[in-house]
Amino acid sequence: NRILCKFFVHGSCLKGENCEYSHDSKHHANNVCTFYQKGICSYGTRCRYEHVRTSQKRDGDHHKALTLCYTHPREHPICSFAAAGDCPRGSQCPHMHGDVCSTCGKKCLHPFRPEEREEHTKECEKKQKHIEALKKSQEIECSVCLDRVLSKATPGERKFGLLTECHHPFCIQCIRNWRSSAPVSGMDVNSTLRACPICRKLSYFVVPSVVWYSSPEEKKEIIDVYKAKLRSIDCKHFNFGNGSCPFGGSCFYKHAYTDGNLEEVVVRHLGSQEGETVIADSVAG
């Protein structure tokens, strides 16, 4: 008459035969998620408890027992030992074992939850891609200091500074020092400080990255992610409409007012001397 071990139910009891609670798989326990019944379960399909709604009718305990008796396999959690890498019970395990993920090699894909499987597969492939990119980046040297960027002394220094218009590698510290140098009298900033120290191609901004890209598509993805991150940060110059941003419509940061509305950018079209239509600098509306 011992109480059923809740860890055994989910395949994660470490005590085994020494556990003071029952490990009888025939012993049914009330494994219903009370948070789900209240409509406030934050785990969704990842919840290890059964998502069964209580009957609106109250015809007695028998009806309630029938209501809670059957649950779809989708609602049953998979064995946590197998999902982590190895289940000591193997084929004798009373719990459901997940399918093997081709990327991480673990039995963590729920056979009856396609949305969860797809989410894990995408996340796993993303992590694997990042790991491979890190491995390839280990040997990349800065074109200025000639040190391996990811072997520098402090974590803050172990970043690449990507120039948008060329493919020469630099550590973030060297390229920022180069671009922040005081210009000599008569020096054109664009053709000197904003240009690549090697090929002299002009790049208007530097993108910090912990990995080096291996294709133009990967570089574009890194730049797009960086820009998207900046767009979520309020511009300190705009200051919610109380200030003035010197970059105008070219600013990467968010221009939002105190009420949450974004600044409307008006684009001016002008006629050039050659009879062509050109876009002037953006002005705030």
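Tabulated data for the structure shown
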| read-out | value |
| --- | --- |
| Some residue of region 224-238 being out of contact with any Cys (no Cβ under 6 Å at 6 or more places or on another chain), of a type in the set (S, T, Y) and closer than 30 Å to I131 by Cα | yes |
| Within region 75-194, helices (runs of 4 or more DSSP H) holding 2 or more residues that are surrounded by 14 or more Cβ atoms within 10 Å (Cβ to Cβ), out of contact with any His (no Cβ under 7 Å at 6 or more places or on another chain) and among the aliphatic types (A, V, I, L, M) | 172-179 |
| Residue within region 106-124 that is modelled with pLDDT under 90, among the hydroxyl-bearing types (S, T, Y) and not assigned by TED's automatic domain parsing to the domain that holds H76 present | no |
| Hey, R200 assigned to a loop (DSSP other than H, G, I, E, B) and among the basic types (K, R) or not | yes |
| Neighbours by Cβ (under 8 Å, 6+ apart or cross-chain): first from region 205-227, within 9 Å of L162 (Cβ to Cβ); second assigned to a helix (DSSP H, G or I) and aromatic (F, W, Y) | V207/Y226; P208/Y226; S209/Y226 |
| Number of the condition not met by V210 [criteria: (1) under 25 Å from E157 (Cβ atoms); (2) over 16 Å from the mean Cα position of the chain (by Cα)] | (2) |
| Residue among K64, K26, K6 that alone is more than 23 Å from C93 (Cβ to Cβ) and at pLDDT below 75 | K64 |
| Some residue of region 212-224 being outside any helix (DSSP H, G or I) and either closer than 22 Å to N177 by Cβ or in contact with a Leu (Cβ under 9 Å, 6 or more places away or on another chain) (or both) | yes |
| Only listed residue being at pLDDT 90 or above, in the same structural domain as N177 (by TED's automatic domain parsing) and surrounded by fewer than 10 Cβ atoms within 10 Å (Cβ to Cβ), chosen from P216, P208 | P216 |
| Test: residue in region 218-241 that is among the hydroxyl-bearing types (S, T, Y), at negative phi and touching a strand residue (DSSP E or B) at 6+ places or on another chain (Cβ under 7 Å) | yes |
| When residues of region 99-148 are limited to those that are acidic (D, E) and within 17 Å of the chain's Cα centre (by Cα), the one farthest from L162 (Cα to Cα) | E116 |
| Count - residues of region 170-201 that are in contact with a helix residue (DSSP H, G or I) (Cβ under 7 Å, 6 or more places away or on another chain) and modelled with pLDDT of 90 or more | 3 |
| Qualifying residue in region 155-174 (condition: under 28 Å from E139 (Cβ atoms), touching a residue at least 12 places away in the same chain (Cβ under 8 Å) and β-branched (V, I, T)) | yes |
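The values are calculated or read from the model by the stated rules, or taken from the named source; none is laboratory data. Computed from a predicted model, the values in this text were never measured in an experiment. Quick reminder, even Gly has a Cβ in these numbers, built from the backbone with ideal geometry, and neighbours come from all protein chains shown.
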